[in-house]
Every structure is written in C-alpha cells, then in structure tokens.
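Asker: Dropping a structure here in structure tokens format, bear with me for questions.
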Amino acid sequence: MTDNFMFLLGFFSLCQIIFIPGIILLKLFKIKTTGLIQLLLYSFGLSLYCNYLIVCILTWLKLYTAPVIYLLFSIEVIYIVYLLIGYFYINHSGKTVKDYYLLLKEYLTPFSLRYKIVFALSFVTILFFLSLIPFSTGTSYYFIDAVNHWTRWPVQWASNIFPPGTRHYPQLFPANLSLIYVFTGEPGFQFFPKAVMPFFFIGILLIYFDISVYRKSIIDLTSLIIYGFLLLIFYSVLFILELNADIPVSFFSFLTFYAIIRNDQEGFNVETILLIVVFASSAALTKLAGLYILTLAGLWIIYVYYKNRKSISISTITRTIVYILLLLFGSIFWYLVRPADMLQGLDQSIYLAPDYYTRFLSAVKMLFFTLGLPFFLFLLITIIASLFSKQSRYIVILIVIPVLILWAFFFSADFRNLSLAVPFIAYTSGYGVWVIYNKIFRFRKVTDVPISSEFFFKNKTLISWFVALSLLAAYSAFGTAIFFNFGIKFAYVFHNIFSGNYRLNYFSEIGYYRYFEYIVDALRLLCIVLFVLFIIKKARLKISHILLFLFTIIMIAGFTIL
C-alpha cells in the first residue's frame, strides 16, 4: 500500500471517528441542534459512542475486518454527502467571509468593551490550541501509558479480538482508535492516532464558547480562558497532545453538562434525555471516573421527570425507561463482562498512604506543586466566591467538591485522576472571578453600557495597518533565537519557583526544549492565522471555495509529510 493511499484511508478513519456516524444519528432521530458548534459537538460525541458499539458487535461476531468496515463506511458516506450537501447549500453555500464578519460585528455591537476584549481573548485562545495540532500529529509518544495501553489495545481490537489485560480501563477510546488501524491496515502507523486527541480539549473549549453565545455571557468566556491556562499548567502542552483517557473523560462529562444546559427550557424531551444518557454513558465507558457523571445524569433525569410529571404520559415514561435501559445495557456491558477488574480499579490504596490524613495532605501538596502557588490560590479563592452565584453554586456542591474529596482520599496517586472535574473547576472559577469583580466595583450586573468602537479607533485604516504589521513582526520575533532562549529560561524559572509540575518532570530527558518548541511554533502559526483572518475579514470569498482550498492544502500537506 502506497503512503499516499494510506494517508487517504487514515483521513477517512478520522472522519468516521469524529463526525460521520454522529451526524447520521442526529438526522435519523431528529435531534435538533442550533448552530454549527452544537452540531459538531453532538456529532463528535455520538460518533465515538456509535463506533464503540459497532466495533464491539463486529468483534463479537468475528466480522471486524477491513472489507466490512469499508462497506459500512461507503454506505455512510453516500448518505452523509447527501445530508451535508443539502445542509451546506441551504445554509452556507452563498455566504462569503464578509457576511460572517458582519454577523460577528452585529452580534458584538450591543456588548460592552469589556465583553469584546474577553471575547477576543477567548477567540485567540481557541486559535492558539488549534495551532498546536499540526506540530504534534505524527510525532512519537512521550508517555509509557500511550505505548502500554492506548496503542496496544487498539491494535488488539483491530486484530478482531477482545483485548486481554485491559484491567479497569473501559474500552470506548481504544475501540475508536482501532478504526485507524483497520482502515490503514498498518498497526505501526501512528500518524493519525495522535491527530484524534486535540479534538477532545478543543471540544471543551468550544463548549464554553457556545454556552457563552447561547447565554450571551462574559462569564463563560472567562471560564474558557481559565481552562486554557489549566491545559498549559495542570497538564502541559505535551500531555494534552498525547494519547490518554483523562481529557476524553472530561470532555464527555462536560458534554453531558452542556446538553443539560441546552435542554434547560425544553422540559422532558425524550430525544434529549437519551442524548444525555449516551454522553454520560460514554464518560463511564472512557474511564471509571465517568461513573460519577453517569450517576448525576440519572439523578437529573429523575428530577426533570418529577418537575414535568403532570405533563408526561405513562406511555412516554415507559418508552423512555425502555430506551435508557437498552442504552445502558448496550454500552456499559464491559463492566458486566469484567466486573472484578472494574472493582479492582476503584481500589488504589496500594499507591496511597495508609491513613486518610496523610493522603489529604499529600493531595493538597500535589495540587499546590502542580498548579503553582499563584494559580492554586486563584482557583481556590474564585471557586469559593462562585458559591455566591446561583448558577455555579450547585456545580461546586455536586461536582467540584465531591470529586475533589474522592480524589484526595482514594485516587490521588496521580493528579490526572482529577481530570473529570477540571472543566467544571474552570467553569465555576469563571463565575467566581465575576462575583469578586462585581463586589469590588459594586456593579449589579456583569454587563455594562455598550461603548462604541469609534470612541477608541477613529482612524480605522491606520489601526488596520498597525495590527497587520504587528502580527508580522510578532511572527518574526517568535522565530528568533533570542526569544527562544528567553522562553527556555523563563520556563525554567517558572517551573522551579512557581510550579513543581509533575507532568513536566516526566520530560527530564528532553528538558523544556520540546515543550517550548510546541508553544513557539503554535504562536507563530497563530500570528499567520490571525493575519490571514484580518486581511480577508471583508473579502467576498465564498466559504465553499475556502473550504475546498483548505481541504486541498491538508491533503497535499499530508502526502508531503508521509
């Protein structure tokens, strides 16, 4: 098989993992989505769940082979092309870049300068993490877990057998990765497995962003920025790009919460209830910690039923219960197949101190050195402050505090086991920031009187040239040896004075160089992306032409890399 053909098959496998089954399910079950971001998030979550069931069933039937997968994929593609062409033609085919720029400008006009600044920072944060993707795809693995677990198990799935020795790890993530090996037929081909990982933390960032647009809230944008810092400080750049189940389980947990928020005004909607069950089950199928979210989702469904009990018929509730039981039985059967391994995973006492007092002190110390004193205190203060906000109080009480307690006393052998709560920590911290802000400045509301941009920029042409030249100058500056050496020294000082990040310690053999190289490369690409967006913001280029151009560039780049 030629490298070019292998790249094409690998690209097809990514499409299968990321969105194709999910979009088909959304259409077949008539699940409503508002906006492109919600469509992408739901299709991603549903695709991972659907692929897991397909892989398990085909493996059980001994039919998990390339010809069967190719046939299934071909049927999906025929249907998805029909759907996408219709959707794109109706909604986006005639629109240009300028049209979207004017829509964005119209959306931002009523808001205050403060909101616009935080919106811009959030947008740049998302672009920065997107800019990391090209520099990690196809690179070698840095963590032993990636080799021992997240490459070995997918290869075993791809061999048409249920992986032995999975211990307490559920298999949704490895089952999806195995599709890459079945499509390409090359178990040693690692270009695309690492390309899957960024979609999980990008998905979490997009959840914050979409919630902020849905609620027109500066608070959710603030949470997005805080989560960006957590990705860099709590995990580190190298880890978030590495194969692991920690960020995927946090994605599914936060996606469940996101679906609940978007259902807030719909009452007892059966399709949405089942969607939430799927996402919560997917969290449990990714890592044991996800069982907590599945439990909370069950309690929420009972609450919604009780709240709307007078308007729900017996047939509706019976049908819903049957569907939920089928989803649960069909998805968490891995727990039933190997219950002893699952239960054993809940007991990590051999890695912890014998007494709970020492465990608690060790957990606090681990968080302190992982986050660093400034960020540790910032999160502590803002989370406490968020208790004074009605919208975040229950998240702190039901998720953040219980997960922290469970982690500290039973799972603090590694700070990665806290990943389930990380998006919620950022979410509540964002609320805490604005609670403190409003108390200090004594504002009753987060938003204030809109301020016209003319107040700040009277000569727009001059400002445009200044921004464009500044981006080009930044691109050049980031590529200099002076900036790189300064960055390395800064990282060293930051690590030793403010943060004893355990994850960074794992890179002692490569120091800070590889870590900082990723950041520098992403910053340079970010400058180019912002420059291009700034130049074409008022261009009448059709979106369809831009997408076709980007697709061509991706394919050419992939062939060139291989």
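Asker: Out of everything in the stretch 223-242 that is at pLDDT below 95 and open to solvent by 10 Å² or more (accessible area, probe 1.4 Å), what residue ends up being nearest to Asp210 (Cα to Cα)?
Answerer: Phe229
Asker: Restricting attention to the stretch 280-317, which residues are assigned to a helix (DSSP H, G or I) and more than 29 Å from the chain's Cα centre (by Cα)?
Answerer: Those that are assigned to a helix (DSSP H, G or I) and more than 29 Å from the chain's Cα centre (by Cα): Tyr305, Tyr306, Lys307, Arg309, Lys310, Ser311, Ile314, Ser315, Thr316, Ile317.
Asker: For the stretch 303-325, indicate whether the set of residues that are among the aliphatic types (A, V, I, L, M) and under 21 Å from Ile395 (Cα atoms) is non-empty.
Answerer: yes
Asker: Oh, and also: Can you find, within the stretch 1-43, the residue that is nearest to Ala66 (Cα to Cα) among those that are out of contact with any helix residue (DSSP H, G or I) (no Cβ under 7 Å at 6 or more places or on another chain) and polar (S, T, N, Q)?
Answerer: Per the stated criteria, the residue is Thr2.
Asker: Report yes if Leu343 is at pLDDT 80 or above and in a helix (DSSP H, G or I), otherwise no.
Answerer: Criteria not met by Leu343.
Matching residues to (1) over 19 Å from Ala284 (Cα atoms); (2) open to solvent by less than 10 Å² (accessible area, probe 1.4 Å); (3) in contact with a helix residue (DSSP H, G or I) (Cβ under 8 Å, 6 or more places away or on another chain):
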position	(1), (2), (3)
Leu387	yes, no, yes
Arg393	yes, no, yes
Leu398	no, no, yes
Leu404	no, no, yes
Ala413	yes, no, yes
Arg416	no, no, yes
Pro423	no, yes, yes
Ser429	yes, yes, yes
Trp434	yes, no, yes
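Asker: Looking at the stretch 323-334, is at least one residue β-branched (Val, Ile, Thr) and loosely packed, with under 15 Cβ neighbours inside 10 Å?
Answerer: Among the residues of the stretch 323-334, not one is β-branched (Val, Ile, Thr) and loosely packed, with under 15 Cβ neighbours inside 10 Å, which makes the answer no.
Asker: A follow-up question, please. How do the pairs read when you match residues in the stretch 108-123 that are open to solvent by 40 Å² or more (accessible area, probe 1.4 Å) with residues anywhere that are assigned to a helix (DSSP H, G or I) and aliphatic (A, V, I, L, M), using Cβ under 8 Å and keeping only pairs 6 or more apart or on different chains?
Answerer: Listed pairs, sorted by first residue: Arg114/Ile218; Lys116/Leu108; Leu121/Leu221; Leu121/Ile225.
Asker: Is at least one residue of the stretch 129-149 within 22 Å of Thr59 (Cβ to Cβ), among the aromatic types (Phe, Trp, Tyr) and outside any helix (DSSP H, G or I)?
Answerer: Taking every residue of the stretch 129-149 in turn, none turns out to be within 22 Å of Thr59 (Cβ to Cβ), among the aromatic types (Phe, Trp, Tyr) and outside any helix (DSSP H, G or I).
The values are calculated or read from the model by the stated rules, or taken from the named source; none is laboratory data. From a predicted model like this one, the values you see are computed outputs, not experimental measurements. Glycine gets a Cβ as well: all are built from the backbone with ideal geometry, and neighbour counts include every protein chain shown. Quick note on the areas: whole protein, heavy atoms, side chains included, nothing else; ligands and nucleic acids left out. Shrake-Rupley method; radii C 1.70, N 1.55, O 1.52, S 1.80 Å.
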